[in-house]
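Below you'll find the structure, written out as structure tokens, and then a few comments.
The values are calculated or read from the model by the stated rules, or taken from the named source; none is laboratory data. Predicted, not measured: the structure shown is a model, and the values here were computed from it. Every residue, glycine as well, gets a Cβ built from its backbone with ideal geometry; the counts of neighbours run over all protein chains shown. Side chains are part of the model used for accessible areas, which takes the heavy atoms of the whole protein and leaves out ligands, DNA and RNA. Shrake-Rupley method; radii C 1.70, N 1.55, O 1.52, S 1.80 Å.
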Amino acid sequence: MNRILIAEDEANIVSFLEKALRKHGFTTTSASKGQDALELALSSNFDLLILDLGLPDKDGLEVLAELRGQGQTLPIIILTARDDINDKVCGLEGGANDYITKPFRFEELLARVRVQFRHLQESVPQKENILRASNVSLDLRARQAKVEGELVELSAKEFFLAEIFLRHPGKVFSREELLDRVWGYDYDPSSNVVDVYVGHLRKKLGNDLIETVRGMGYKLQV
């Protein structure tokens, strides 16, 4: 679990947050409009939303209310220039998990992001912390991979890619879908990075684990 959606319309803040969060091992996707953020949060598998309130088409508090109204439990950190106490109360009582005002220090935001991820991990039952397929296991809490009980070192991207496959055995993922999930929307769609990383996983976890589905993508062997 490490995928963050950033709902922010100031391009310089988005660029700063994406570079800084990715440096610390998170995968990011951004949306500059409230409606886009709402649709992404409802339709995609994100682990955290960083939400600005002053979005151009739909106020962040509206986005928050619609997400919670539709039963979305995604952790939400409001990051906004609005420092009025009424806005803070509305945000927190409306379902936000945290509220940070601009200007902000990234170190503080990072600490609060990590708190939300820690809460997510603690809320997952222990038996769901381990994903298994064939002789491969992923420990989601310790972020460790094992093959036949032996530890195998995976990078953050490799681990996230393996987690996607092990969570959905038999499901075919297109290269574009994997590129979006692991590297984000702003990655070059013509890149062969997905094929390269699948190759890495095959070398580390076993050549037979991930099957190429010609003309469609990849899937985990059931």
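Return the residues of the range 14-50 that are under 25 Å from GLU108 (Cβ atoms), open to solvent by 40 Å² or more (accessible area, probe 1.4 Å) and not in a helix (DSSP H, G or I); say none if nothing qualifies.
HIS24, SER30, SER32
Test of understanding: among THR80, THR73, which residue is of a type outside the set (Gly, Ala, Ser), open to solvent by 30 Å² or more (accessible area, probe 1.4 Å) and out of contact with any Cys (no Cβ under 6 Å at 6 or more places or on another chain)?
The unique qualifying residue is THR73.
For the range 118-132, indicate whether the set of residues that are in a loop (DSSP other than H, G, I, E, B) and modelled with pLDDT of 90 or more is non-empty.
Within the range 118-132 (the criterion being in a loop (DSSP other than H, G, I, E, B) and modelled with pLDDT of 90 or more), the answer is no, since none of the residues qualifies.
Can you tell me how many residues in the range 148-183 are of a type in the set (A, V, I, L, M, F, W, C) and assigned to a loop (DSSP other than H, G, I, E, B)?
Residues flagged as of a type in the set (A, V, I, L, M, F, W, C) and assigned to a loop (DSSP other than H, G, I, E, B) within the range 148-183 amount to 2.
Being assigned to a helix (DSSP H, G or I) and more than 19 Å from PRO56 (Cα to Cα) is the filter here, so list the residues in the range 91-108 that pass it.
LEU92, GLU93, PHE106, GLU107, GLU108 - these are the residues of the range 91-108 that are assigned to a helix (DSSP H, G or I) and more than 19 Å from PRO56 (Cα to Cα).
Can you pull out the residues in the range 51-65 that are more than 15 Å from GLY95 (Cβ to Cβ), touching a residue at least 40 places away in the same chain (Cβ under 8 Å) and open to solvent by less than 60 Å² (accessible area, probe 1.4 Å)?
ASP52, GLY54, LEU55, listed by residue number.
Quick one: which residue in LEU64, LEU42 is within 30 Å of PHE159 (Cβ to Cβ) and under 20 Å from the mean Cα position of the chain (by Cα)?
After applying the criteria, what remains is LEU42.
How many residues are surrounded by 14 or more Cβ atoms within 10 Å (Cβ to Cβ) and among the polar types (S, T, N, Q) if we restrict to the range 125-183?
Summing the residues that are surrounded by 14 or more Cβ atoms within 10 Å (Cβ to Cβ) and among the polar types (S, T, N, Q) in the range 125-183 gives 4.
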